[in-house]
Every structure is written in C-alpha cells, then in structure tokens.
Amino acid sequence: MIKVLFVCLGNICRSPMAEFIFKNMLSQKGLTDKFEIASAATESYNEISHTGMHYMAKKTLKSMNVPYTEHYSRCIRPQDYQHFDYILAMDDSNIEDIQSIVGKDIKNKIHRLLDFTTQPRNIKDPWYTGNFDETYWDIIEGCETFLKYLKL
Ligand code: 4NP
C-alpha cells in the first residue's frame, strides 16, 4: 500500500483537486487497491470553519468528468508524517509550512508535485489567480509523472 497525502494552503482548491484527479487516474488503471490517498491543509482556519471544496474546484472537476465525494478541509498533523509515504505539496511555501508542523523531512517524503516533471515548479494558487483550468492541467501533469516515477 502506497500512502500519498496531497497538501496545499487551504485544502479547498489544489490539494482536494489533486486527491480526486489522482484517485480517478488510479481507478482508470485498476490501481485503486494499491494506494491510500488523502489531502490536507497547512492552515487550520478552513478546518475550524468546516469549509468544503471551492465551488470552482468542483465545477472544474465536473467539467473534466473527474468524480469527487464530499470533502472538508483538514489540517496536516505531525502523525501524518509517520503515516504517509509521500507528502506532495503544491508550492515552496507549502513545503516550509509542512516542515514547521511535522518537523525535518528526515525520510525525504516531502516533495512538490511538479518536482517529478521535467519542469519542476510551483502550482499557482487558483484562490488568488482564479485560473482553475491551469491548476487542473498542472495537477494532471504532476500526477501522471508521479505515477510513472513509481513504476507500477
Ligand atoms: P488552496 O487555496 O491552498 O489551493 O486550497 C486556498 C484556499 C483558501 C485560502 C487560501 C488558499 N484561504 O485563505 O482561505
């Protein structure tokens, strides 16, 4: 079982999109049983206010025929570092924030999702850019190359 936690700032846009896009990819390849997939935030305010996925994130997934279930933001906890094999962040600031919560990455589990691609980079936050399509395609690229990296 490979355990993957996608992480972003709010866990209402990028990381839940990555969670459902990756789950869909695994399902299409018959790999669902080999993985545990979840997502989390680095800030706790959306967990406290019990905020669900952003309506534009849902709209974008729906338009691309990516199934999703009800999702509410939850903040990453120190024990997540022990539990998950890969902690995949969306940008550099997520990495700093994750490390301030879970401590030093002694097992080299924390990466940016797009670090597996030929053009390592941040995934811009659509909460600020408003561009959920760009987020969708960046996540597709990241998930496809991550899956290739795993050589399953
Ligand atoms: P995300 O985007 O990190 O991709 O989920 C954000 C969502 C909400 C907030 C910031 C970023 N916020 O400030 O509530």
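Points worth noting:
- The alpha carbon gyration tensor of segment 1-64 gives principal lengths a ≥ b ≥ c with a/c of 1.5 or higher and a/b no greater than b/c, which makes the shape oblate.
- Working note: 222 nm ellipticity from helices only, DSSP H runs with n ≥ 4, each -39,500 (n - 2.57), summed and divided by the residues of the chain, gives -13000 deg cm²/dmol to the nearest 500.
- Derived scalar couplings ³J(HN,Hα) [segment 84-101; Karplus, 6.51 cos²θ - 1.76 cosθ + 1.60; whole Hz; x for Gly, Pro]: 8, 8, 10, 10, 9, 8, 8, 8, 4, 5, 4, 4, 4, 5, 4, 5, 5, 8
- Backbone geometry of segment 136-142 corresponds, through the Karplus equation with coefficients 6.51, -1.76 and 1.60 at θ = phi - 60°, to 3J(HN,Hα) couplings of 4, 5, 4, 5, 4, 4, x Hz, x marking Gly and Pro.
- Scoring 90-100, 40-50 by mean Cβ neighbours within 10 Å over their residues and listing the highest first yields 90-100, 40-50.
- Neighbour-count order for TYR68, TYR55, fewest beta carbons within 10 angstrom listed first: TYR55, TYR68
- Segment 2-150: C-alpha gyration tensor shape, a/c 1.5 cut-off, then a/b vs b/c: rounded
- Taking all Cα pairs closer than 8 Å and separated by 6 or more residues, the relative contact order of the chain comes to 27 percent.
- Total charge dipole magnitude, the chain, about the Cα centre, Cβ charges on Lys, Arg, Asp, Glu only, Debye to nearest 20: 400
- Per-residue Karplus couplings for segment 146-151, computed as 6.51 cos²θ - 1.76 cosθ + 1.60 with θ equal to phi - 60°, are listed in order as 5, 5, 5, 4, 6, 6 Hz, Gly and Pro entered as x.
- For the options MET25, MET53, MET17, a Gaussian network treatment of the chain with springs between C-alpha atoms closer than 10 Å singles out MET25 as fluctuating the most.
- Between amide H atoms placed 1.01 Å from N, distances below 5 Å from PHE6 occur with ALA38, SER39, ALA40, LEU88, all of them 5 or more places distant or on a separate chain.
- Added length on full extension, which subtracts the Cα-Cα distance from 0.36 nm per residue, ILE2 to SER27: 7.6 nm
- Net charge contributed by nearby residues that have their C-beta within less than 14 Å of SER100 (K/R +1, D/E -1): -4
- Most mobile listed residue (PHE116, PHE20, PHE35) in the chain, GNM with C-alpha springs under 10 Å: PHE35
Since every read-out is calculated from the coordinates, none of them should be taken as a lab result. The shown structure was predicted, so the numbers you read here are calculated from the model rather than taken from an experiment. Cβ: placed from backbone, ideal geometry, glycine included. Neighbour counts: every protein chain shown.
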